[in-house]
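The numbers here are math on the coordinates, done by the rules we state, and not lab data. What you see is a predicted model, and the numbers here were worked out from it, not measured in a lab. Quick reminder, even Gly has a Cβ in these numbers, built from the backbone with ideal geometry, and neighbours come from all protein chains shown.
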Amino acid sequence: MPDQAASLRLLAQEKAVGKQELPRPETDNYGPTVVAVTSGKGGVGKTSLVVNMGLILAQRNQRTVIVDADLGLANVEVLLGIVPPYSVHDLLFGHKTIEDILAKGPFNLKIIAGGSGFQELANLEQSQRERLIGALSFFQDKSDFILIDTGAGISRNVLGFVAAAEEVVVIVTPEPTSLTDAYSLIKVLAKFEIHERVFLVVNQAVNEQEAFLTAEKITFVANKFLQNIKINYLGFIGKESIVSEAVKNQNPFVLMYPFSQATKSVAQITTNFITLLGKDDHNLVLSKRGGMKGFIQKLVKLFR
Ligand SMILES: Nc1ncnc2c1ncn2[C@@H]1O[C@H](COP(=O)(O)OP(=O)(O)OP(=O)(O)O)[C@@H](O)[C@H]1O
Ligand SMILES: [Mg+2]
């Protein structure tokens, strides 16, 4: 772990820069907001949130790309019922271009499957690293949001994506094990100064009060015991049968049930997120960590 700790610290030391107004200068610091969606415990609703939030963003004309970086199953594709023809693995080893591996969803939502590509990061040659950075930098001026569906927990793999991303959304359910695992994750982010703030979403709550109490528990303990990390509660999604039904039907609930409470909840979470990020109508926000280019450069550096 010392290696990982050192490189995580190195990344975290890069100083944040403030927001600037129009006009948009020619600089790599302008780019999409790269968001890692993660959790302490598995199976809490990361993929469901990424897919449905991605659709809400796309519906609002935010140019959105979902990156499936979960090294497990191809979850994003399953939930959307869309199978990208190729993955990052084919980009690295199969002479495919970024356009070849890109799948298109509703409202022009874009999906990139990691496949086993991200798993290979540690074994890449310099030319392949450059190819990956070049290929994913394609999105630097062509997207507003990159949502990364990561695995759960505090493995090196997951933390790499979380550390390289500009913002992190942590999902938690009211279950005690989910709460303690989320806290452990946030503790690592604070201890290694990986992020100064995390956004929290409570999923599968029976009602608003349970969600609020869940968020409050984590926030209270974090404020008490962790320095340099702020938790922003974005909202909650209730435990609803339509959510699992949508998963079974491979049709996201925001499309299947656009007027449901679950859809309203994700829309509210998305609004709160955009507001807290301070994004304006033109999406002209100076990316603190260099947009997609900064993200992929850091990711590659972390896994070298
Ligand atoms: N709000 C909800 N109400 C009811 N069921 C839900 C809700 N959110 C998620 N689920 C159920 O939990 C399952 C897991 O959700 P999802 O695949 O999004 O979790 P995950 O965190 O991505 O899991 P993994 O860690 O395995 O990637 C879904 O198949 C769905 O049935
Ligand atoms: Mg998942």
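Numbers at a glance
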| quantity | calculated |
| --- | --- |
| For residue 38, net neighbour charge (Lys/Arg +1, Asp/Glu -1) across residues whose Cβ lies under 9 Å away | 0 |
| Value of [θ]222 nm, deg cm²/dmol, for the chain, DSSP H segments ≥ 4, -39500 (n - 2.57) each, nearest 500 | -13500 deg cm²/dmol |
| Beta bridge orientation in the range 42-134: antiparallel %, DSSP, nearest 5 | 40 percent |
| Angstrom value of the Kirkwood radius, inverse mean 1/r, which spans all Cα pairs in the chain | 19.2 Å |
| Estimated inter-spin distance, residue 219 and residue 122, nm [label 7 Å along Cα→Cβ] | 3.8 nm |
| The range 107-119 - phi-based ³J(HN,Hα) in whole Hz, Karplus 6.51/-1.76/1.60, Gly and Pro as x | 6, 6, 5, 10, 10, 10, 8, x, x, 8, x, 5, 5 |
| Unsatisfied cross-links (Cα-Cα over 19 Å) in the set 46/301; 110/293; 110/248; 230/264; 46/239; 41/239 | 46/301; 110/248; 230/264 |
| Förster radius 22 Å - calculated FRET efficiency between residue 156 and residue 193, Cβ distance, rounded to 0.05 | 0.80 |
| Amide H contacts under 5 Å for residue 237, placed H, 5+ residues apart | 202, 203, 204, 205 |
| DSSP beta bridges in the chain [antiparallel fraction, %, rounded to 5] | 10 percent |
| Extension reserve of the residue 71-residue 301 stretch, reckoned as 0.36 nm per residue once the Cα distance is removed | 80.9 nm |
| Helical segments meeting 27 Å axial Cα length and Kyte-Doolittle 0.0 threshold in the chain (DSSP H) | none |
| Cα centre as origin, Lys/Arg/Asp/Glu Cβ charges: the range 201-265 dipole, Debye | 200 debye |
